[in-house]
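Bear in mind these aren't lab numbers, they're just calculated from the coordinates by the rules spelled out. Just so you know, these numbers come straight off a predicted model, no measurement behind them. Because the Cβ atoms are built from the backbone with ideal geometry, glycine has one as well, and the counts that use them run over all protein chains shown.
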Amino acid sequence: MNRREWLKSMSALAVGALAAPSLLAVFDAHAASKAPGAKPEFFNPAQYSLVGAVSDIVIPRTDTPGAVDAGVPLFMDQLFKAVYNKADQARYLTALAAFDKAGGKPFLQLDPAQRTALVTKLHAEAVAAPKGSTLSPAADFVMMSKKLTMLGFFLSQPGCTQVLQYDPVPAAWKADIPLSQAGNGKAWAVEAELKI
């Protein structure tokens, strides 16, 4: 092994040592959200309902289960309780309160079309914002919720096995096969980094 390979290996080991506790905490939050009789511990009932409604807009039920079916709201609750520091918790709750007022009346009092339109509008605002600019708290809430919804959903059993390609024990390599045998265009389940 040459010096360059050794440095790359040691760098990867150091990054893994730093990231492992965070990743374990995420998996612990996921496991806690699946415990029988688990109830929200971070969000109050109104906040929990709002987070569930937004996660259902981000990943609705189609021919596969949606975010709510996969337990994403409870996963997010456990994640904020067990993983995020006080500053990030406060940022999310402040953004949630701003989002709840962004539609002219409380989000849960809007009809489904108005809810979807509001989330879509704020998402478009966040995506169009120049990189590094400060988002409005309501748009910030939508982006944070989207990232956490996707994380929770793709860590769940339905997300990993029904939406992504899943092969617990990959078999032999096949050089030239039709797309229909290679997952029909579905992405592979991979590790992801969460930044909010």
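A few comments on the model shown:
- Ranked by the mean number of other Cβ atoms within 10 Å per residue, highest first, peptides 89-100, 134-145, 111-122 order as 134-145, 89-100, 111-122.
- For region 65-139, the dipole from Cβ point charges (+1 on Lys and Arg, -1 on Asp and Glu) about the Cα centre works out to 220 debye, to the nearest 20.
- Cross-link pairs Lys81/Lys186; Lys81/Lys105; Lys121/Lys147; Lys81/Lys147; Lys81/Lys146; Lys147/Lys186 - those with Cα-Cα distance over 25 Å: Lys81/Lys186; Lys81/Lys105
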